[in-house]
Amino acid sequence: SEFSRRFALPSDVDEESISANFKNGILSINMKKKAVVAPKKIQIMAS
């Protein structure tokens, strides 16, 4: 038998880290979040 399902991933998921496991009739899908880039402070000087 065959089963198919599609869904949209959240934008903060790292697509390269997705893995799936099917065991004892249970499908587990694991996804990691993308690393959060901290904002940088930039000093601005007026002349």
Using Cα-Cα distances under 8 Å and only pairs 6 or more residues apart, what relative contact order does the chain have, in percent? 29
With N set to the residue count of the chain, report its C-alpha Rg divided by 2.2 N^0.38 Å to two decimal places. 2.08
Under the rule of at least 5 residues apart or a separate chain, name every residue whose amide H is placed under 5 Å from the amide H of residue 13. 34
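No value in this document is a laboratory result; all are computed from the given coordinates. Remember, predicted model here, so these are calculated numbers, not experimental data.
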